[in-house]
Amino acid sequence: KPQWPTCLNTGIPSKVTELTEMNGNMNSTEDGQVFDAVEIKGRLYINHKNVVIKNSKLTGDQYYAVYTNTSGTGLTIENCDITGGIRIGDGFTGRRNHLYAAEGGNRNDGWIFNASNVVLEDNLIDGLCGSDGAHLDGIQVMGGTNITIRHNWVEAVSPEIINGGVNAAIFLSPDLAEISDVVIDENMLIEKEWYYPLRINARGK
């Protein structure tokens, strides 16, 4: 079996020695566009299909580094350091990324989304830090179908969260839409103090 995701095999590869800064709000310009070895310090709006972001640092503004609009299906993010928020759209693939809170900052969730046809594979989620009132999750699915969460290392651990706490390493809750056809396979789910490694909220008639 492949090694677990660590700081050595996720995030920006060691061969990438320099990043091109992208400041301010920006938009994708064409289908299949590739962003390689960049540092996004503003917000990148994905308006096109099959865009790829790789070998990059995604910092963003106060809320987002990457914001996928309804037309931006098929986005792939791989081999990136991610401290900013990511709005996932349908057809998203996230692979070999390292998601964590920036120094002195907060990160309430690793991946959080309402989307279909999603693959999250070989990601490292650790170093999270909940803000006041947060209910922190490593991965939170709020809606969608055909979702695969495979071989990720997910640490649902945070310093003390005022008026809040840690919820789960993986949390499925149909807050925004129904959830169906989910595969959760070969993940390392870490929690402390009696929180949930895996929590599923189900609703029915």
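The values are calculated or read from the model by the stated rules, or taken from the named source; none is laboratory data. As the structure is a prediction and not an experimental result, all values here were calculated from the model. Every residue, glycine as well, gets a Cβ built from its backbone with ideal geometry; the counts of neighbours run over all protein chains shown. Note: accessible area is taken over every heavy atom of the protein model, side chains too, but ligands, DNA and RNA are not part of it. Shrake-Rupley method; radii C 1.70, N 1.55, O 1.52, S 1.80 Å.
In nm², what is the average projected area of the convex hull enclosing the Cα atoms of the stretch 1-139?
On the way: hull surface 34.0 nm².
With every direction weighted equally, the projected area is 8.5 nm².
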Assign unit charges at the C-beta atoms only (+1 for Lys and Arg, -1 for Asp and Glu), then state the dipole size of the chain relative to its Cα centre in Debye, rounded to the nearest 20. 260
Please work out the C-alpha center-to-center distance from the stretch 4-19 to the stretch 86-119 and express it in whole Å. 17
List the residues whose amide H sits under 5 Å from the amide H of residue 35, counting only those 5 or more places along or on another chain, with H placed 1.01 Å from N in the peptide plane. 52, 53, 54
Between residue 6 and residue 193, what is the label-to-label distance in nm when each label sits 7 Å out along the Cα-to-Cβ direction? 2.8
Could you please state how large a percent of the accessible area of the stretch 78-169 is carbon and sulfur, counting protein chains only and using a 1.4 Å probe? 41
If you wrap a convex hull around the Cα atoms of the stretch 1-65, how much volume per residue is inside, in Å³? 118
Additional length obtainable on full extension of the chain from residue 31 to residue 163, 0.36 nm per residue less Cα span: 43.2 nm
Stretched out fully, how many nm does the piece from residue 103 to residue 61 gain, at 0.36 nm a residue minus the Cα gap? 13.7 nm
Over the stretch 3-97, average the accessible area per residue using a 1.4 Å probe and give it in Å², no decimals. 48
